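S.K.: I have a structure I would like to understand better, so I am pasting it below and will then ask my questions one at a time.
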Amino acid sequence: MKILGVIFDLDGVIVSTDNCHYLAWKRMADEEGIYFDRKINERLRGVSRMESLEIVLERAQKSYTAEQKQALAQRKNDYYVELIKSLSKADILSGALDTFELLRRRGIKIAIGSSSKNTPLILKQIGLENAFDAVADGNAITHSKPDPEVFLLGAKLLGLPPENCLVVEDADAGIEAAVAGGMRALGVGSAAGNPNATYSAENLAKAGFETILAD
Ligand code: B16
Ligand code: MG
């Protein structure tokens, strides 16, 4: 099956927001007296905000009501939004722009498939708000990765069947989601070497798209 569309995860594939997520969760957790470190932060990759909060609260000494949890997630997001306001074009990860150009030249459609509700803001900050044929993000879905919903929506918005789409992901949950949706997956960053990924590369610059497309 030919690859006619590529759906890119955002955080960790096109731009690295890891540290911003870490600092925002850390600030909220410190204020609440909850232990949080970079190792725990790794587990939040590709996971939705409320599911991430549940992971953070595993170390909490007290229990929180649903209302309090909403407030904690909101507070973390306020800190996060403040931090991502300093993102710019310079934060686009290595190989991303060249990859988009190559795919466009080949007539392949490109989309975003991200769990983040902050996708529109992040794309604007890095100057890519008009770069994609479709954007499927955390605002449009009810089930986050490893559920395939966000990628199936991306394929639908591109007008393509899943089997003609390739997903690029940095999270194991995202690779799982792509496979569950019947798509091929390229694992980069933290997901490079994921045994379920069809292709693997350290980053987009090293992905060898020419070879993948010739497959
Ligand atoms: P937000 P992706 C994910 O984005 C992040 O990897 C994950 O750490 C974050 O919790 C999630 O978005 C939700 O983000 O709080 O901005 O809605 O990797 O799917 O692009
Ligand atoms: Mg990601």
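The values are calculated or read from the model by the stated rules, or taken from the named source; none is laboratory data. Note that the structure is predicted; figures quoted are calculated from it, not measured. Using ideal geometry, Cβ is built from the backbone for each residue, glycine included, and neighbour counts are taken over all protein chains shown. Heads up: the accessible areas ignore ligands, DNA and RNA and are worked out on the full protein's heavy atoms, side chains in. Shrake-Rupley method; radii C 1.70, N 1.55, O 1.52, S 1.80 Å.
S.K.: Where does helix 66-84 land angle-wise versus the long Cα axis of the chain, in degrees 0 to 90, nearest 10?
M.R.: Relative to the chain, helix 66-84 is tipped by roughly 60 degrees.
S.K.: Let's test the formula: R0 of 30 Å, r as the Cβ-Cβ distance of Ala214 and Lys156. What FRET efficiency results, to the nearest 0.05?
M.R.: Values: r = 26 Å, r/R0 = 0.88.
About 0.70, to the nearest 0.05.
S.K.: Grab the Cα-Cα distance for Asn77 and Leu102, subtract it from 0.36 nm times how many residues apart they are, and report the gain in nm with one decimal. If you can, show how the numbers build up before the last one.
M.R.: Values: separation 25, 0.36 × 25 = 9.00 nm, distance 3.45 nm.
Length difference between fully extended and current span is 5.5 nm.
S.K.: At a Förster distance of 35 Å, what's the computed FRET efficiency of Lys39 paired with Asn130, Cβ-Cβ distance as r, to 0.05? Working shown, then result.
M.R.: Values: r = 37 Å, r/R0 = 1.07.
Computed FRET efficiency for Lys39 and Asn130: 0.40.
S.K.: Right, something else. If you count only protein heavy atoms and use a 1.4 Å probe, how large is the accessible surface of Asp133, to the nearest 10 Å²?
M.R.: 80
S.K.: Right, something else. Mean-square fluctuation check for the chain, GNM, Cα pairs under 10 Å: which of Ser115, Ser200, Ser16 is largest?
M.R.: Maximum fluctuation in the GNM of the chain, among the listed residues, is at Ser16.
S.K.: Highest GNM mean-square fluctuation, the chain, Cα pairs closer than 10 Å: which of Ile40, Ile112, Ile14?
M.R.: Fluctuation is largest for Ile40.
S.K.: A further question on this structure: Measuring from centroid to centroid over Cα atoms, what is the spacing of region 73-100 and region 1-29 in Å?
M.R.: Result: 8 Å between the Cα centres.
S.K.: With each run of n ≥ 4 DSSP H residues scored as -39500 (n - 2.57), what mean residue ellipticity at 222 nm is computed for the chain after dividing by its residue count and rounding to the nearest 500 deg cm²/dmol?
M.R.: Working: 9 runs with 89 residues, N = 215.
Estimated from H runs of four or more residues: -12000 deg cm²/dmol.
S.K.: Restricting the count to DSSP beta bridges whose residues both fall in the chain, what percent are antiparallel, rounded to a multiple of 5?
M.R.: Working: 1 of 19 bridges.
Antiparallel bridges: around 5 percent, rounded to the nearest 5.
S.K.: If packing is taken as the average count of other Cβ atoms within 10 Å, what order do 4-12, 95-103 fall into, highest mean first?
M.R.: Values: 4-12: 25.1, 95-103: 16.9.
Output ranking for 4-12, 95-103: 4-12, 95-103.
S.K.: OK, next. Can you give me the long-range amide H partners of Val15? Hydrogens built in the peptide plane at 1.01 Å from N, cutoff under 5 Å, separation of 5 or more residues or another chain.
M.R.: Those lying under 5 Å, H to H, from Val15 are Leu93.
S.K.: Measuring from label point to label point, each 7 Å out along Cα→Cβ, what is the Met1 to Ser16 span in nm?
M.R.: In this crude spin-label approximation the distance works out to 3.3 nm.
S.K.: In a GNM of the chain with a 10 Å cut-off on Cα contacts, which of Val47, Val81, Val188 has the highest mean-square fluctuation?
M.R.: Judging by the Gaussian network model, the answer is Val81.
S.K.: May I ask you to compute the full-extension gain from Thr142 to Glu51, defined as 0.36 nm times their residue separation minus their alpha-carbon distance, rounded to one decimal in nm?
M.R.: My answer for the length gained is 31.6 nm.
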